[in-house]
1. For the charge dipole of the protein assembly as shown, defined by +1 on Lys and Arg C-beta atoms and -1 on Asp and Glu C-beta atoms about the Cα centroid, which residue among B:V26, A:G138, A:F234 has the Cα displaced farthest towards the positive pole?
2. Just for the Cα atoms in the stretch A:30-183, what are the lengths along the principal axes, largest first, rounded to whole Å?
3. Helix-derived [θ] at 222 nm for chain A: sum -39500 (n - 2.57) over DSSP H runs of at least 4, divide by residue count, nearest 500?
4. Taking a quarter of the surface of the Cα convex hull of the protein assembly as shown, what do you get in nm²?
5. How big a patch of accessible area, both sides summed and in Å² to the nearest 100, lies buried between A and B at a 1.4 Å probe?
6. First obtain the Kirkwood hydrodynamic radius of the stretch A:36-93 from its Cα pairs, then insert it into the Stokes-Einstein equation at 25 °C and 0.890 mPa s, and state the resulting D in µm² per second as a whole number.
7. Could I have the simple spin-label model distance between B:D22 and A:E16, label points 7 Å from Cα toward Cβ, reported in nm to one decimal?
8. Could you tally the net charge around A:V37, taking each other residue with its Cβ under 11 Å from the Cβ of A:V37, Lys/Arg +1 and Asp/Glu -1?
Amino acid sequence: MSSNSLYVYGFVRASEAPELGEAGLAHEGKPARVYAVRSGKVAAMVSAYDANRRVLPLRRNLEPHHRVVAELARVTTVVPMAFGHVAQGESELKSLLAPNVGAISAELDRLEGKVEMGVRVQWDVQNIFKYFVDGDAGLAATRDRLFAAGATAMHADRLELGRMFEERLQAARTSLAEQVLGSLEGEVAGVRSNPPTTEEMVADLAFLVERGRQQRFEERVAEVAALWPPEYLFHCTGPWAPFNFVELQLGSAPAAGDREWAS
Amino acid sequence: MAKLVQSSNSSGLVEVVDRILDKGIVIDAWVKLSLVGIEVLLLEARVVVSSVETYLAYAEAISLTASAAVPATA
């Protein structure tokens, strides 16, 4: 049995665990072999990793992690790990797997035959603030009052203007996201909505779609986009492993002496 | 009609990072992710939080639209 630490990519059915070859994060100077550690009906997909190394979120690590998970999702059902998980060795890995085989297997059953499709809708305008002010008489009037030549905008007035903008932004997002969801959620197995990370983002959605319906879903997104005005941009990505849809809660492995925690 | 971009899952580091850093199974005992010494441009301001700073920044951005709106005087 190997005494290396093991970088963990995700969980698959033991009977469907593929051999991916030297596709993993670098170990001893080259991409490590990605293989399965089995426990009953499930397996963890792993590769050897230096016990003393932290995992840095750099492209050289992010890319192999992503590619391994993507390949797993292409050929089977995978419950993906978040980036940066390293088990201390096979016995430690198995000691966590063994009591959780039922839960992992149930999660694989739940996600069987489905992939994740991402849909992001954005305002594709030069200046999101100008776009909203131009479209809202209240915002425009407040701006003109505060920033007319010779005016001094008080701190409280600035806060109020900023708050007004955010209120308009959120209201627009709520209404538009509802429309997008209404158009797309019909034939899917699940939907998740993530908080927007920029002002320009209208909605950041993930859809759980049956593999055989992926193309139809993409066509549907194109149909919807064709009906929206030109200031919007629809970005459809996928297929992904079901990152946004995993719900698995695992019981921890029993404590095994001193453990090094990420600082 | 709105613009449409359709890309496979291999495009765009941002889309990848938003998934593999923020989503998926987390097992605390195994997390060896390190952010020490890394300029986390990808992680800065990943979530916009309402705050005084945000509102002031919005007001500043809106003030800049004012000069564009004021007609030139002879």
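1. Result: B:V26.
2. Projected onto its principal axes, the Cα set of the stretch A:30-183 covers 73, 40, 28 Å.
3. On the way: 7 runs with 98 residues, N = 263.
Per the formula, -12000 deg cm²/dmol.
4. Numbers: hull surface 84.6 nm².
Mean projected area of the Cα convex hull: 21.1 nm².
5. For chain A against chain B, roughly 6000 Å² becomes buried.
6. 194
7. With each label placed 7 Å out from Cα toward Cβ, I get 2.7 nm.
8. Overall, the nearby charge balance is 0.
The values are calculated or read from the model by the stated rules, or taken from the named source; none is laboratory data. Remember, it's a predicted structure, so these values are computed and weren't measured experimentally. No Cβ is skipped: glycine too gets one built from the backbone with ideal geometry, and neighbour counts run over all protein chains shown. Calculation scope for accessible area: heavy atoms of the full protein, side chains included, ligands and nucleic acids excluded. Shrake-Rupley method; radii C 1.70, N 1.55, O 1.52, S 1.80 Å.
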